[in-house]
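Novice: Here it is, the structure, as C-alpha cells.
Just so it is clear, none of the values below were taken in a lab; they were calculated from the coordinates. None of these values were measured; they are calculated from a predicted model. Using ideal geometry, Cβ is built from the backbone for each residue, glycine included, and neighbour counts are taken over all protein chains shown.
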Amino acid sequence: MKILIIEDEPQMLDNMRQTLEREHYKVEAASDFRTASAKIGVYDYDCVLLDITLPDGNGLELLKQLKKLGKEDGVIIVSAKDSLDDRIKGLDLGADDYLPKPFHMAELNARVKAVLRRRNFQGSTQIEVGNMSISPENRSIQISAKDLVLNRKEFDILMYLVTNKTRLVTKTALAEHVWGDHIDQSDTFDFIYSQIKNLRKKLDDAQATVEIEAVYGVGYKLVVV
C-alpha cells in the first residue's frame, strides 16, 4: 500500500513516516503545497495524510484538486486546526477522516488501516480471491489453507493486482505504486519482469486458482481460473 504524507513539520513528518514504514507501507512525503500538488497530479496513492496549514497554501485546495482529477485516494486530514468548520469543510470536500493534532501514532496507524479497509476491501480484514486468502494487515497469504511465503515486493505487487482485479494494470502504474517515485531513475522494467516471474512460479507451485495474465506491451491483470 502506498501512502503520501503532506506535512510541513519535520519532526512530525519523520515520526509519521517511521510509524507507517514499520507497517510495511510504501511512504512518500511532501512538506509544501507545491510539491504535494505535483505528486498528487502524477501519482496515485491508497491514502493521503493531509495537513491543512502549509507554508505556501491551504491543504483543502489539494483535496479539491484530488477530487477534480477524479482520484480515488483515501484522505485523512491531519491538522492542528480542530474547529468544527474545518472538519465539516474537509468532510464535505470528500475527506474520509479527520485526525486532530496532537495524536498518538498508534491512532494514526489504526485510522489509516480503517480507511484502507473501507476504500479497498469494503471494510473486510480478509480478502478471498479464488482459493487464495489474504490478510492485508498481517501481510499473510494462504492458498487452500497453506501459507504462501512472498518477499515484500512480491506481496506488494500481488496486493496491487488484487485491489485492481477488475482492471488492467499498466507496467508504469505498477512500478510507480510498488517502487514509488524512484521509478523515474530507471529506464527499463526489468525489475518488474523478475518479480512477476517469481510471483507467478510461487502461485503455480502452490496450485493457486489465480493467475497473473500479461497483456503484451501494456501490463498485467489478475484472473481467477
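Novice: Using a Cα distance threshold of under 15 Å, what count of lysine pairs results for region 2-121 when pairs must be 8 or more residues apart or interchain?
Specialist: 14
Novice: Does anyone have the angle between helix 59-68 and the longest principal axis of the chain? Alpha-carbon axes, 0 to 90°, nearest 10?
Specialist: Helix 59-68 and the main axis of the chain meet at about 40 degrees.
Novice: Just subtract the alpha-carbon distance of Ala38 and Ser133 from 0.36 nm times their residue separation and send over the number in nm, one decimal.
Specialist: 30.6 nm
Novice: Using a 10 angstrom cutoff on alpha carbons, build the Gaussian network for the chain and name the most mobile of Gln65, Gln11, Gln126.
Specialist: The residue with the greatest mean-square fluctuation here is Gln11.
Novice: Still on this structure, I have one more. Looking at region 88-222, what % of the alpha carbon pairs are farther apart than 25 Å?
Specialist: Summing the P(r) tail past 25 Å for region 88-222 gives 36 percent.
Novice: Now, a different point. Across region 152-224, how large is the tail of the calculated P(r) beyond 13 Å, expressed as a percent of all Cα pairs?
Specialist: Looking at region 152-224, the distances longer than 13 Å represent 65 percent of pairs.
Novice: Tilt of helix 10-22 relative to the longest C-alpha principal axis of the chain, in degrees (0 to 90, nearest 10)?
Specialist: With both axes taken from Cα atoms, the answer is about 20 degrees.
Novice: How long are the three semi-axes of the equivalent ellipsoid for the chain, computed from the Cα gyration tensor as the root of 5 times each eigenvalue, in whole Å, largest first?
Specialist: 33, 19, 15
Novice: Just tell me which lysines come within less than 21 Å, Cα to Cα, of Lys201; anything on the same chain fewer than 8 places away is out.
Specialist: In chain and number order, the partners are Lys146, Lys153, Lys165, Lys171, Lys221.
Novice: Under a GNM of the chain (C-alpha, springs under 10 Å), which listed residue has the highest mean-square fluctuation: Gly90, Gly70, Gly123?
Specialist: In this elastic network of the chain, the residue with the biggest mean-square fluctuation among Gly90, Gly70, Gly123 is Gly70.
Novice: Apply 1/(1 + (r/R0)^6) to the Cβ-Cβ distance of Asp205 and Thr166, taking R0 = 25 Å, and write down the FRET efficiency to the nearest 0.05.
Specialist: 0.45
Novice: Now for a separate question. Using a Gaussian network model on the chain with a 10 Å cutoff between Cα atoms, which of Ser79, Ser140, Ser194 fluctuates the most?
Specialist: The residue with the greatest mean-square fluctuation here is Ser194.
Novice: How much of the calculated P(r) for region 2-121 lies past 26 Å, in percent of all Cα pairs?
Specialist: Looking at region 2-121, the distances longer than 26 Å represent 8 percent of pairs.
Novice: How far, in degrees from 0 to 90, does helix 105-121 lean away from the longest principal axis of the Cα atoms of the chain, to the nearest 10?
Specialist: 50 degrees
Novice: About its Cα centre, what dipole magnitude does the chain give when the only charges are +1 on Lys and Arg Cβ and -1 on Asp and Glu Cβ, stated in debye to the nearest 20?
Specialist: Around 680 debye, computed over the chain.
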